[in-house]
Amino acid sequence: MSEHAQFADDLSLYALGALEGEERAALEKHLEGCASCRRELEQLRGDMALMALSAAGPAPPMRARTRLMTAVSLDTRAKPIVVKKRSWWGAFGWVAATAMAAIAVFFWHQSDQMAQRMASLDNEISAQQAELERVRSVVATLTSPDAQVVTVAAPNAPPQPQGKAIYVRDRSSLVFIASNLPAPPASKAYELWLIPKEGAPIPAGVFKPNAHGSATVVNPPLPAGVEAKAFAITIEPESGSLSPTMPIVMVGSGT
């Protein structure tokens, strides 16, 4: 057997990490000057990597498995069986550890994606619950037997702009629906006011009508338990005002 063939037989054990002692040192010295053996070693290591990753991904090409196992079987040098068996277990332990690491990375990635999806679903559910509560509040206002219904209109202006305020004092909830409203001047908006039986008018929402003259105000922040004498609308700056600017363009008294 030539020197090159002798060292070629040990390449498979060296690739698996199972070659030790003087034999390992001799092979490493041979590799320094043998390009053919270095190329064969790289191929064996590539085949081992494919086999290790096959536990967490697509199966490696059959030629890689065959080439690796053939290279291992060619090593027929006389070595004690106990040493061979121990070396093989150590080598396959390394392969198993690599495979387990790949599996751990795979499941960590899957867990991270699942956590992100769960967080997204939680946000969607929270948003839907908030919207459901808002709808329930509007329905409760519109259907409450204690609701005070006030029609707010502008006199002598065909087609007549008008609005309807549905107000439940005990819950401080208000739904206002308007129609036929002309567009306000530039940089201006409509502002709804709750006129209490005692005290100054209370701001109840700033709004602009759509292209059809319709507008709504739903549950603006209002102080608790205020008894409404009337509702009125003025034209104010887009940011709203703390007190109404005259004239009042629409007004309606409570029943």
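The values are calculated or read from the model by the stated rules, or taken from the named source; none is laboratory data. From a predicted model like this one, the values you see are computed outputs, not experimental measurements. FYI the Cβ positions are ideal-geometry reconstructions off the backbone, even for glycines, and counts take in every protein chain you see.
Mind counting the residues in segment 182-236 that are part of a strand (DSSP E or B) and either out of contact with any strand residue (DSSP E or B) (no Cβ under 6 Å at 6 or more places or on another chain) or not hydrophobic (A, V, I, L, M, F, W, C) (or both)?
Adding up the residues that qualify gives 10.
Cβ-Cβ under 8 Å, sequence separation 6+ or interchain: first residue in segment 134-163 and farther than 20 Å from A230 by Cα and surrounded by 11 or more Cβ atoms within 10 Å (Cβ to Cβ), partner at pLDDT 80 or above and basic (K, R). Which pairs?
Listed pairs, sorted by first residue: A140/R171.
Is it fair to say A200 is buried (at least 16 other Cβ atoms within 10 Å of the Cβ) and either closer than 18 Å to S253 by Cα or in contact with a His (Cβ under 8 Å, 6 or more places away or on another chain) (or both)?
The answer is no for A200.
When you check S172 against the structure, is it among the hydroxyl-bearing types (S, T, Y) and out of contact with any Leu (no Cβ under 7 Å at 6 or more places or on another chain), yes or no?
Here the answer is no, as S172 does not meet what is asked.
Collect the residues in segment 178-197 that are surrounded by 16 or more Cβ atoms within 10 Å (Cβ to Cβ) and aliphatic (A, V, I, L, M), keeping them in residue-number order.
The answer is A178, L181, A189, L192, L194, I195.
Based on what the data block shows, is I177 over 17 Å from Q148 (Cα atoms) and either part of a strand (DSSP E or B) or of a type outside the set (D, E) (or both)?
Working: over 17 Å from Q148 (Cα atoms): no; either part of a strand (DSSP E or B) or of a type outside the set (D, E) (or both): yes.
So I177 does not fit the description; no.
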